[in-house]
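Notes to accompany the following structure.
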Ligand code: NAP
């Protein structure tokens, strides 16, 4: 797989799965815009320049319309186009529903789902003009099967799946594919919050017998971004060690 001369934006890519996606797309591609809330984005952009690719950090909150507009405008000013958008930024605020505050609900829906709407809307105009684009959003197994204590997160991730299937139909005639990836349990800051006992219990439910790595997700993103995946759209690809396999 290679993605010559492509410009990709990866949201929330200062660490974890997003960082792995940014680095992988740089390895097979050309230019990566590393978005994150904080300074970690600068380190990832530097890492990308270290492998002789173009890396630019643009800090910003992807749940803010103004920040997303600036993210896409600065990408266009710097490189003249955007070919690939990876909607990766995400957070959890776990709580049983009866104790869940409005703030915990709104924050998780805004960062995980509204951001996908804002970023996709902002890049589509440019992709439609060039009649080529790839939009890949990171959902979750939890958006398919649900999880106690994560009604906000599961709703946001299920929302990404409905959004993906709808937008895939809207823009298919323009040469743009829209897909989602549903990771299972991946070793990252998000899962490092779990106790050793919880991790062991989780691992016992994964047919392949281990937690995935950020690289496992990044490799799937690189495939969906490639020319080889041109006939795949409106799909949800599970990268979960077999957990959702029935
Ligand atoms: P992570 O290590 O917590 O990374 C998430 C990144 O998103 C962080 O760099 C964070 O920045 C950034 N971010 C948070 N809010 C943002 C905002 N409003 N605007 C821009 N960036 C923001 O999590 P991860 O495990 O790599 O997760 C990446 C994606 O995979 C998420 O969508 C997550 O839901 C999904 N996922 C993860 C797993 C898993 O097992 N880890 C499973 C299924 C799906 P700061 O650190 O600066 O806040």
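Points worth noting:
- Lone qualifier among 118, 97, 124, 85 - being under 27 Å from residue 216 (Cβ atoms), at pLDDT 95 or above and either surrounded by fewer than 23 Cβ atoms within 10 Å (Cβ to Cβ) or within 14 Å of the ligand (Cβ to nearest atom) (or both): 85
- Out of 61, 67, 106, one residue alone is within 15 Å of the ligand (Cβ to nearest atom), part of a loop (DSSP other than H, G, I, E, B) and out of contact with any strand residue (DSSP E or B) (no Cβ under 6 Å at 6 or more places or on another chain). It is 61.
- Set side by side, the residues 194, 202 differ, and just one is within 12 Å of the ligand (Cβ to nearest atom) and outside any helix (DSSP H, G or I), which is 194.
- Within segment 136-163, considering residues that are near the ligand (Cβ under 8 Å from one of its atoms) and closer than 19 Å to residue 85 by Cβ, the one nearest to the chain's Cα centre (by Cα): 138
- Any hit, segment 112-122, residues being under 17 Å from residue 62 (Cβ atoms) and without any contact (Cβ under 8 Å) to a residue 40 or more places away in the chain: yes
- The one condition from (1) within 21 Å of residue 178 (Cα to Cα); (2) more than 10 Å from the ligand (Cβ to nearest atom); (3) touching a helix residue (DSSP H, G or I) at 6+ places or on another chain (Cβ under 8 Å) that residue 75 does not meet is (3).
- Boolean, residue 191 is modelled with pLDDT under 95 and within 27 Å of residue 105 (Cα to Cα): yes
- Residues (out of contact with any helix residue (DSSP H, G or I) (no Cβ under 9 Å at 6 or more places or on another chain) and in contact (Cβ under 8 Å) with a residue 60 or more places away in the chain) located in segment 150-183: 165, 168, 169, 172
- Subset of segment 1-41 [assigned to a helix (DSSP H, G or I) and more than 12 Å from the ligand (Cβ to nearest atom)]: 23, 24, 25, 26, 27, 28
- Members of segment 127-150 found to be buried (at least 19 other Cβ atoms within 10 Å of the Cβ) and farther than 21 Å from residue 205 by Cα, listed by number: 127, 133, 134, 135, 136, 137, 138
- Qualifying residues in segment 176-191 (those that are near the ligand (Cβ under 7 Å from one of its atoms) and within 16 Å of residue 12 (Cβ to Cβ)) - the one surrounded by the fewest Cβ atoms within 10 Å (Cβ to Cβ): 189
The values are calculated or read from the model by the stated rules, or taken from the named source; none is laboratory data. Everything quoted here is computed from the prediction, not taken from an experiment. Cβ sites come from the backbone with ideal geometry, for glycine too, and all protein chains shown count toward neighbours.
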